[in-house]
Structure formats: structure tokens, C-alpha cells
């Protein structure tokens, strides 16, 4: 498949010229980009596919929410609605998108909103009676009409943007030079141990600017699985015939983790943000026990009546230097209170 995509290099050249020109126009101020008087944090990537934006958004939310009123703003990928919408824990994924709904159900003390136009979304949030003190933009790296105050660029350990090509030959949404807009770069989905030598090689490969710092993080899995009736130890599922259902960009790390933990399961993999049809739901209802991801769970739970439907939460853990990252972010947000 990769070799076939390489045949599309001439089209990638056209895409390169279009995206490079667009970025140059924004950099030169010919295309307007709006700045704000509140901290705006952007979390995104250069590529299509999963780099762990949602767990990183949750990490930043947890870091700040006890001291600031937080709002997250996403496009709401896969939703059937348009325009600005506030997201409640009772919203449907089809109306607001699965990841924003996941945020709303997990954090009841923050504002969660979706809007494909980030300027409109930010303006609406800032016109609320209780104005957010910090706005976190989820997956908005290419949304140049907003100039964030702090930008976090994610790249997956096994799929570094420095080794990739532009669409359609590769998975990059814009040229690699776009990485220079980031304040920090985080290599996500790393193995649990990564030697200093390998970290140095990756940093050299990414070629950060002098002002950019590179961090390394892994995905950590919860000890328990969760359902509408509560939590249970992952090992307790061994008494069932478990089917792993995934609608994410790269389910392999999750499947590998479950296998390494000794869980026996069948795996049904669907496309990222998959909307399950009525016939697919009917087939899933026949299964004994379903284990899924958290964002798949928010889509499946309203449709499935089965008793044994569980999800396994994940979170970001830094391999080291998390205090350095936390301080950089906290100092940026605190600087607005000092003005």
C-alpha cells in the first residue's frame, strides 16, 4: 500500500505548493489570524491519524482545571450538525462528535464546545456569562485563522512526521516545516523505556528549532474497565468471550497491550470515528462481552442494550521531564494574570 501511495508523489507536489503558500501568507500577515486576550492552547499534529490528541487534551485539562475555568473547543469530527454547539454529558455523539462528548462526560466542571470555525467558537465562549479563563483547542494546528499563545505539536513514536510525506503520498496535512510553529514537540506512544541515546536520535531526526523543547510520552492504561454499572478489574473479563471493538486510527497498541496482559479476545476493527449502522449494532448485540475504547464507548452505549459493555481508559504519562512541561504551560497561563 505504501509503494502504491508513492506513485501519488506528483499530486503531493501540488499539495505542497498549496499548503506552503497558505502558511507563508499567514506568516506574512497577508491572511489574517486573530489573537486573544486569554490563554489559548493549541494541541495538534501535522499528520492525519492518531497521535494521542485526546489524552493530551485531558492531561492539559487536569493540569489547569483546579485553578482556572477551562473550556475545550473542537471541530466535532463526524457530527451531523453544523456551527457552534455546547456539549453536555447527555449529548449524542452524532450531534457533537465522540471526543468532545468524552470530555464532557469525564469533566463536569469545564465548558466543552464544538465549532468548525474556531474564531466563531472562541467568540461565543468569551461571550458567555461565565467567561473561560483558558481555552484549549483540540486538533487545530492547521486552523491558522487563530493564533494560539502556546502550541503543542504531537508526533507518534512509530510514525514521526520527519519520516512522512505529504498527502496523498503520505499522511502529512502540511509540510514538515510547519513544525516550527510549535512551542513544544511531544513524541507520543513511546515504549515504556526509551534510552537517552534513542531520544537523542529522534530529536536529531525531528530537527527542532533552538526555542523548541522535545518531550517523550507513553500511553498508560487503567487498571480497571468501566461500564454504566461501575468498574471491574480487567482480569475479571476472562470469564467472558471478549470481543474488542475499535473505531480508532491505530488499534494495534491497545490490542498488543491486552494480549500481553493475558486477555483472550476477538478483534473487530472499524475506521476512525466509525458510525455504526443498525445492522452492525444488531450483530454486536449478539456478542457475550464487548471491550472498547472510551471514545467508541460514548457512541456505542446509547445504541447497545447488552449488559457486558466495557471501556478501558487511557492517559498520557511522560517518560521524564513532565515537571518541565507542566511549568512551561503553567507559566504561560499565569502570565495573563500578571498583566
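Values as computed for the structure displayed
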item	result
Residue-span extension gain [residue 28 to residue 321] - 0.36 nm each, minus C-alpha spacing	102.0 nm
Relative contact order for the chain, counting Cα pairs under 8 Å that sit 6 or more residues apart, in percent	20
Estimated FRET transfer efficiency when R0 is 51 angstrom, pair residue 163-residue 129 (beta carbons, to 0.05)	0.60
Gain on full stretching of the segment that runs from residue 82 to residue 142 - 0.36 nm per residue minus C-alpha separation	19.7 nm
Among 15, 193, 297: highest mean-square fluctuation, GNM of the chain, C-alpha pairs under 10 Å	193
Residue 306 paired with residue 66, simple spin-label distance in nm, labels 7 Å along Cα-to-beta-carbon	3.9
Between 0 and 90°, nearest 10: helix 53-64 axis offset from the chain longest Cα axis	70
Residue-averaged [θ]222 nm for the chain, counting only DSSP H segments that reach four residues, each worth -39500 (n - 2.57)	-9500 deg cm²/dmol
Segment residue 209-residue 223, length gained on full extension (0.36 nm per residue, minus Cα span)	1.2 nm
Rel. contact order, % - alpha carbon contacts under 8 angstrom, at least six apart, segment 223-312	35
Residue 278-residue 232 FRET efficiency (beta carbon distance; Förster radius 45 Å; 0.05 resolution)	0.95
Between 0 and 90°, nearest 10: helix 9-27 axis offset from the chain longest Cα axis	60
Percent of alpha-carbon pairs separated by more than 18 Å within segment 85-147	36
Diffusion constant of segment 3-93 at 25 °C, which comes from Stokes-Einstein with the Kirkwood Cα-pair radius and 0.890 mPa s, µm²/s	142
Radius ratio Rg over Rh of segment 283-331, counting only Cα atoms, Kirkwood formula for Rh	1.31
Between 0 and 90°, nearest 10: helix 322-338 axis offset from the chain longest Cα axis	60
Whole-Å semi-axes of segment 223-312's equivalent ellipsoid (Cα gyration tensor)	19, 15, 12
Stokes-Einstein D in µm²/s, Kirkwood radius over Cα pairs - the chain at 20 °C with 1.002 mPa s viscosity	101
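Any read-out appearing in this document is the output of simple, stated calculations on the displayed coordinates, not a laboratory observation. What you are looking at is a predicted structure, and each value in this text was computed from that prediction instead of being measured. Because the Cβ atoms are built from the backbone with ideal geometry, glycine has one as well, and the counts that use them run over all protein chains shown.
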